[in-house]
Amino acid sequence: MADRICIVRQRDYYELALRREAEALHEAGYEVDVVCLRDVGRPAVEVDNGVTLYRLPLRRRRGGPLSYLLDYFAFFVAATITVARLHLRHRYRAVQGNTMPDVIVFTALVPRLLGAKVVAFMKEPTPELGETKYGSARVGRFLRLVEQAALRFADLAYTVTEDLKEAYVSRGAGADKIRVVLNGPDERHLLRYRTDAAPDPEFFTAICHGLVDERYGHDTMVRAVAIARKKIPGLRLRITGSGDYVPELESLIREGGLQDCIEYLGWLDMPGLVDELCRADVGIVAQKSSPYSNLVHTNKMFEYMLLGTPIIASRLRSTARYFGEETVQYFEPGSAESLADALVALYENPDRRRSMVAAATEQYRTHSWTVQKEIYLAGYAELLGHGTAAAR
């Protein structure tokens, strides 16, 4: 009988990052369950491409620290009970907690007491994010304690950049148990929707997708378009996604009189999103500089690479560590003027755009999920004593 693994993630949709890991384990011969939130209209239990999803009847709420704490606590309690119940039925060999929050790793308490291994997939630097979002050093200190407790509790940990691993180790975590698996989707999940759509030659189209939040620089993008449109005929920016910052974003667009060149499209399903990405001349990653943003990469950057969209990105430490000037058109974080200059530079130089796509395509081969998956599966094979053959 195949070993069974459970992955816990506080998401109300089966996101690409979660799907790639669950399906990789399933294709490697493991039975895989996922415990997550229940999206509207989705069944409580469902089998998706061999992976069994157990959805909890809770909803994510956005707001201040208290709302987040109540949200996290409710999911933690419900997930802990669900994982324990499922373990008594299935006997998991390992339980993987995908952060945030870091405390989610402890939903594996009962299985661990009964002999299961614990895996932490540390997706984000929670202490730095807490400090960035709430401006509180006290919040950061508390979250560091939780982070390190989670890493000690886990038998194996993954994270998403070398910079983030170094941060964990500098705070006391053991380097030997942490492996780096870069962000980025399983190529199949995007390429299945790819079409022959191309950018409209009447426009110069920039796109940004994902979480709409102040720290992702949406205000910087709006101001940059107001500057760059004077030099770029037909410049337009299309923004997709959802988040707390949407009302402010729409207000900035109205106040700037930019409704004719900036459009907020809302949340798009995967076919619609891929179509928009294929029709864009450039993709923008405008994260502002913070202790958080300098440690991570965004999934959207890898999606631009995969679909052949030239990338404009703020110059942050971990991004620049992995990707050179030949791959990304950098601008100074938070500077609308610098971003406007980057837009103009790529508009005026189509050859530069083509060479960037070629360089990104080449570099993507070394950073793609096809490569990262082997690192991910090898960690499980070693943890469970199967040797590398079982992970292929």
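Kindly establish whether T107 is within 21 Å of A17 (Cβ to Cβ), crowded, with 24+ Cβ neighbours inside 10 Å, modelled with pLDDT of 95 or more and within 16 Å of the chain's Cα centre (by Cα). Walk me through how you get there before you give the answer.
On the way: within 21 Å of A17 (Cβ to Cβ): yes; crowded, with 24+ Cβ neighbours inside 10 Å: yes; modelled with pLDDT of 95 or more: yes; within 16 Å of the chain's Cα centre (by Cα): no.
Judged against the criteria, T107 is not a match.
Quick check on this structure: which one of A197, A224, A175, A137 is among the hydrophobic types (A, V, I, L, M, F, W, C), surrounded by fewer than 16 Cβ atoms within 10 Å (Cβ to Cβ) and more than 28 Å from R20 (Cβ to Cβ)?
Numbers: A197 fails: more than 28 Å from R20 (Cβ to Cβ); A224 fails: surrounded by fewer than 16 Cβ atoms within 10 Å (Cβ to Cβ); A175 fails: more than 28 Å from R20 (Cβ to Cβ).
Exactly one of A197, A224, A175, A137 is among the hydrophobic types (A, V, I, L, M, F, W, C), surrounded by fewer than 16 Cβ atoms within 10 Å (Cβ to Cβ) and more than 28 Å from R20 (Cβ to Cβ), namely A137.
Just give me the residues in the range 224-239 being over 8 Å from A206 (Cβ atoms), outside any loop (DSSP other than H, G, I, E, B) and among the β-branched types (V, I, T), in sequence order.
From the range 224-239, those over 8 Å from A206 (Cβ atoms) are 224, 226-234, 239; that's our starting set.
This time we only want the ones that are outside any loop (DSSP other than H, G, I, E, B), so: 224, 226-228, 239.
Of everything in the range 224-239, those that are over 8 Å from A206 (Cβ atoms), outside any loop (DSSP other than H, G, I, E, B) and among the β-branched types (V, I, T) turn out to be I227, I239.
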Inset, instruction - Kindly indicate the residue of the range 325-345 that is of a type in the set (G, A, S) and not in a helix (DSSP H, G or I) and also farthest from P233 (Cα to Cα) among those meeting that condition. - result: G334
Legend entry - Looking only at the range 143-166, and only at residues there that are out of contact with any Ser or Thr (no Cβ under 9 Å at 6 or more places or on another chain) and assigned to a helix (DSSP H, G or I), the one that is surrounded by the most Cβ atoms within 10 Å (Cβ to Cβ): L151
Inset, instruction - Residue by residue through the range 135-156, note down the ones that are β-branched (V, I, T) and within 25 Å of G379 (Cα to Cα). - result: V146
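Could you tell me which of the residues G283, G266, G257 is touching a residue at least 12 places away in the same chain (Cβ under 8 Å), under 29 Å from E348 (Cβ atoms) and among the small types (G, A, S)?
Numbers: G266 fails: under 29 Å from E348 (Cβ atoms); G257 fails: touching a residue at least 12 places away in the same chain (Cβ under 8 Å).
Every option except G283 fails the conditions.
Could you pull out the residue among A94, A116, A84 that is closer than 19 Å to L18 by Cβ, hydrophobic (A, V, I, L, M, F, W, C) and either more than 24 Å from the chain's Cα centre (by Cα) or open to solvent by less than 50 Å² (accessible area, probe 1.4 Å) (or both)?
Numbers: A116 fails: closer than 19 Å to L18 by Cβ; A84 fails: closer than 19 Å to L18 by Cβ.
Matching residue, one of A94, A116, A84: A94.
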Legend entry - Close pairs from the range 14-38: first in contact (Cβ under 8 Å) with a residue 24 or more places away in the chain and part of a loop (DSSP other than H, G, I, E, B), partner open to solvent by 10 Å² or more (accessible area, probe 1.4 Å) and among the acidic types (D, E), Cβ under 6 Å, at least 6 apart: Y30/D3
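Looking at V40, V32, V47 in this structure, which one is open to solvent by less than 30 Å² (accessible area, probe 1.4 Å) and either of a type in the set (S, T, Y) or on the phi < 0 side of the Ramachandran plot (or both)? Break it down into steps so the answer makes sense when it comes.
Numbers: V40 fails: open to solvent by less than 30 Å² (accessible area, probe 1.4 Å); V47 fails: open to solvent by less than 30 Å² (accessible area, probe 1.4 Å).
Going through V40, V32, V47 in turn, the sole match is V32.
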Legend entry - Criterion violated by G243 - all others in (1) touching a His at 6+ places or on another chain (Cβ under 7 Å); (2) open to solvent by 10 Å² or more (accessible area, probe 1.4 Å) satisfied: (1)
Inset, instruction - Would you tally the residues in the range 167-193 being without any contact (Cβ under 8 Å) to a residue 60 or more places away in the chain, assigned to a helix (DSSP H, G or I) and not polar (S, T, N, Q)? - result: 6
Legend entry - Candidates F323, F331 - the one that is farther than 30 Å from L252 by Cα, open to solvent by less than 10 Å² (accessible area, probe 1.4 Å) and in contact (Cβ under 8 Å) with a residue 12 or more places away in the chain: F323
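The values are calculated or read from the model by the stated rules, or taken from the named source; none is laboratory data. Please read these numbers as outputs of a predicted model, since none were measured by experiment. Cβ coordinates were reconstructed from backbone atoms using ideal geometry, including for glycine residues, and neighbour counts include every protein chain displayed. In case anyone asks, the SASA skips ligands and DNA or RNA and just uses the protein heavy atoms, side chains included. Shrake-Rupley method; radii C 1.70, N 1.55, O 1.52, S 1.80 Å.
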